[in-house]
Amino acid sequence: MEDAQEKKKIKVFVGKNNRATVICHSCGHTKQFDVTKFRNLNKTLRCRCKCGKSFLCTLEFRQYFRKKTKLNGHFTFLGDPSQHKIIVNDVSQKGINFSMLTGCDIKIGDMLEVILTLDDANKTVIRKQVEVKSANDRLVGCCFTDTQSYDKKLGFYLR
């Protein structure tokens, strides 16, 4: 019978050089390895440590850390003043994932303006233009169109 350690999935972030560092949660042993061959696979990997314990891990190839959130906001289609309420599920320096509270005809490639209020002490308002990269029912994934500049307010929030 599998123990609880073996059933728990560990998220492993992959660096720009396609190297991942896996840490055994039983003994603390660390191993770094090249994960290039796993880049296009969306599978859970079973890792076995030299201590004998095995565990599951998923590789996260994202360039930037995504912070899980539950923030209120809204979006408009560029050129259309109609506001659509959203809940922001996660955010990074390069993009955002949100759930629409009401249905809306949104397609990959649509350009939007997203406005959200951070849950920091200042209730900072973030206003970004985005391009829709994925749309599945009411769940929408977008990338920020202004990727050349670093957003200090968002960066501070993501720390």
Worksheet, complete the sentence: Yeah, segment 67-158 with a ≥ b ≥ c from its alpha-carbon gyration tensor (a/c under 1.5 is rounded, else prolate when a/b outruns b/c, oblate otherwise) is prolate
Worksheet entry | Relative contact order, percent, segment 4-60 [alpha-carbon distance under 8 Å, six or more residues apart] | 44 percent
Worksheet, complete the sentence: Sparse-neighbourhood loop hits (chymotrypsin sites (Phe, Trp or Tyr not before Pro), segment 43-135; DSSP loop; Cβ within 10 Å at most 16 others) -> 61, 64, 65
Discussion item. Counting just the Cα atoms, what span does the chain cover along each of its three principal axes? Round to the nearest Å and put the largest first.
Written reply: 59, 32, 28
Discussion item. Suppose a student asked you for the relative contact order of segment 67-158, using Cα pairs under 8 Å spaced at least 6 residues apart; what percent would you report?
Written reply: 26 percent
Item to complete: Report the residue, chosen from 45, 71, 116, that carries the largest GNM mean-square fluctuation when the chain is represented by alpha-carbon nodes joined by springs under 10 Å.
Response: 45
Worksheet item: Can you give the extra length, in nm with one decimal, that the chain gains between residue 32 and residue 17 once fully stretched, where that is 0.36 nm per residue apart less the Cα-Cα distance?
Response: 4.2 nm
Worksheet entry | the chain - percent relative contact order, Cα under 8 Å, separation 6 or more | 16 percent
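Out of the trypsin sites (Lys or Arg not before Pro) in segment 105-143, which ones are loop residues according to DSSP with at most 16 other C-beta atoms within 10 Å?
On the way: sites: 107, 123, 127, 128, 133, 138; in loops: 107, 123, 138.
Taking segment 105-143 and a limit of 16 other Cβ atoms within 10 Å, the loop trypsin sites (Lys or Arg not before Pro) found are 107, 123, 138.
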Discussion item. For the chain, give me every cysteine whose Cβ has no other Cys Cβ within less than 4.7 Å, ordered by residue number.
Written reply: 47, 57, 104, 142, 143
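About its Cα centre, how strong a charge dipole does the chain have in debye, to the nearest 20, once Lys and Arg get +1 and Asp and Glu get -1 at the Cβ?
Dipole size: approximately 880 debye.
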Worksheet item: Once the mean 1/r over all distinct Cα pairs of segment 4-60 is inverted, what Kirkwood radius in angstroms do you read off?
Response: 11.6 Å
Discussion item. Here is the link list: 43/68; 43/128; 37/152; 70/128; 8/70. Which ones come out longer than 27 Å on Cα distance?
Written reply: 43/128; 37/152
Response to the item:
Calculated from DSSP helices alone, with each H run of at least 4 adding -39500 (n - 2.57) and the total divided by the residues of the chain, [θ]222 nm to the nearest 500 comes to -1500 deg cm²/dmol
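The numbers here are math on the coordinates, done by the rules we state, and not lab data. All figures in this text were calculated on a predicted structure; none of them were measured in a lab. Neighbour counts run over all protein chains shown; Cβ positions are idealised from the backbone, glycine included.
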